[in-house]
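Trainee: Before we start, here is the structure in question, set down as structure tokens.
Rule-based calculations on the coordinates, nothing more; no lab input. Since we're looking at a predicted model, the values are computed, not measured. In this analysis, Cβ positions are derived from the backbone assuming ideal geometry, glycine residues included, and neighbour counts consider all displayed protein chains.
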Amino acid sequence: MRVSDILIWGFRGIRQRKLRSALTVLGIMVGSAALIALISQTQGIQMGILAEVDKLGSNTITIRPQTSSVLLTQSDLNRLTQIGGVQYVIPVTAASVKVYGLGGTRTMNILGLDQYYLELLFPGLKLQDGRLCGDNNFSEVVAGHNVRYPQDLSTPFLNIDQSVTLELGGREPVRKVLNVVGSFANYGASTLFSVDDSLFTSTRGAQMLTNRQSYSMIIVKTYDPTTINDVIANIRIIYGTNLNILSIQQIAQIATIITNALGILLGAIAGISLLVAGLGIMNIMVVSVIERTREIGVMKALGFRGREVLAIFLSEALFLGIIGGVLGLILGGGVSYALPQILSSSQNQTFETISQSGGFSMSPQTGAEGGAFYSMSQMTNFSYQPMISIENVLQILLFAIFVSLFAGIYPARRASRMDPIEALRHD
């Protein structure tokens, strides 16, 4: 019997039981769609995180106080500059403030960072309007893109060359008035700070605003990425455990480990659903064999050999796996590209609600000013593209076919071993 004949007979069996076959295909389709959607999401998130991490460069080290009692001052800047291999030592002052703008009040961050260092920390950052703050000016701010143009407002929240009132502190808040001299174009997510959701001023301006001479963070850049571990070791020798020291390389490694583990977990869960679909195939094909017992007897009486009957029933399972796998990949691909948009919209709405209620307001006297705010804000700005590779598509399709064939082996063998006389007597 030719292969084409076997495939025709197998496809004929599927067409004769359209509803049952459709339900079987649906199970395989859902399992395959879940696999490709979840795998592509985790790989896309991993690539997105690594791309954002790479913006700062692999030669970057962040230094924060370990506790609120530890202060980073000018003497620490001088000390870090003397360490071998250090190219730049960048002080950052940050605080969470309530901003009184044209559309009401909002809680956001203000970052004290001299303009010389902006390009080092945020490559490609560009002004949209106005100018940057002067390094020695105490009363000027530049707004991030989302600060000036919030997504929930049809008009700007802040205008260039206008005064804006900032409120700092908790129980006894202090209000100060600064001038908005410029705004940045949309930048997107950043590893350390959310540029689009922050106000920027000079380092001295932030110190005057917060009434502190200490820094929230010091960022160290080395000449060579290969010396970064030596620089970290020297910093630890000087400061012991008083500082929280983290390199961009470590952030990338942590992100890779987490997303890989997440991908394995989600892939395993989706794989289980595909295996369940395989059990459905086995169940349906066993019922099909029982229903077609007399037909199998006729086939054998006409000269069909056992291996040909086996091949016909396996071809049915093969068709079910191919159809379900292909449809699942198409569905999963569509879901993969829709999910980032849905998640981004949901995160933005949640963050805006919490931000407007003041849920992320932090005391400027804490050791890691605005730390939690950065994390949430960056999450809302983070965007990624799902990664659907040919390799993953082929692996999932082959897995769907394998599950279908494996599930079809038992009923196919049962059909091939039937005694033709007993089969013809079956009612």
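Trainee: Using alpha-carbon positions, what is the distance between the centroids of the stretch 208-284 and the stretch 106-181, in Å?
Mentor: The two parts, judged by their Cα centres, are 29 Å apart.
Trainee: When the dipole is taken about the Cα centre of the stretch 158-282, and only Lys, Arg (+1) and Asp, Glu (-1) are charged at their Cβ, what size is it in debye, to the nearest 20?
Mentor: 320 debye
Trainee: Right, another one. Taking the Cα centre of the chain as origin, work out the dipole magnitude from +1 charges on Lys and Arg Cβ and -1 charges on Asp and Glu Cβ, in debye rounded to 20.
Mentor: Computed about the Cα centre, the dipole is about 1480 debye.
Trainee: Positive end of the charge dipole of the chain (Lys, Arg +1 and Asp, Glu -1 on Cβ, about the Cα centre): tell me which of MET285, TYR187, THR42 has its Cα farthest that way.
Mentor: Checking the options against the dipole of the chain, the answer is MET285.
Trainee: Still on this structure: Give me the net charge for the shell around ARG131: Cβ to Cβ below 14 angstrom, other residues only, Lys and Arg +1, Asp and Glu -1.
Mentor: -3
Trainee: Remind me, relative contact order of the chain in percent, using alpha carbon pairs under 8 angstrom and six or more residues apart? Don't jump to the answer; show the numbers that get you there.
Mentor: Details: 788 pairs, mean separation 132.1, N = 427.
This gives 31 percent for the chain.
Trainee: Could you grab the relative contact order for the stretch 71-241? Cα pairs under 8 Å, six or more apart, rounded to a whole percent.
Mentor: Relative CO of the stretch 71-241 lands at 34 percent.
Trainee: May I ask you to list, by number, the DSSP H helices of the chain whose Cα span along the axis is at least 27 Å and whose average Kyte-Doolittle hydropathy reaches 1.6 or more?
Mentor: Helix filter hits for the chain: 248-291.
Trainee: Give the peptides 63-72, 153-162, 196-205 in descending order of average Cβ contacts within 10 Å, highest first.
Mentor: Averaged packing, sorted descending, gives the order 196-205, 63-72, 153-162.
Trainee: In what sequence, highest mean first, do 268-275, 210-217, 388-395 appear when ranked by Cβ atoms within 10 angstrom?
Mentor: 210-217, 268-275, 388-395
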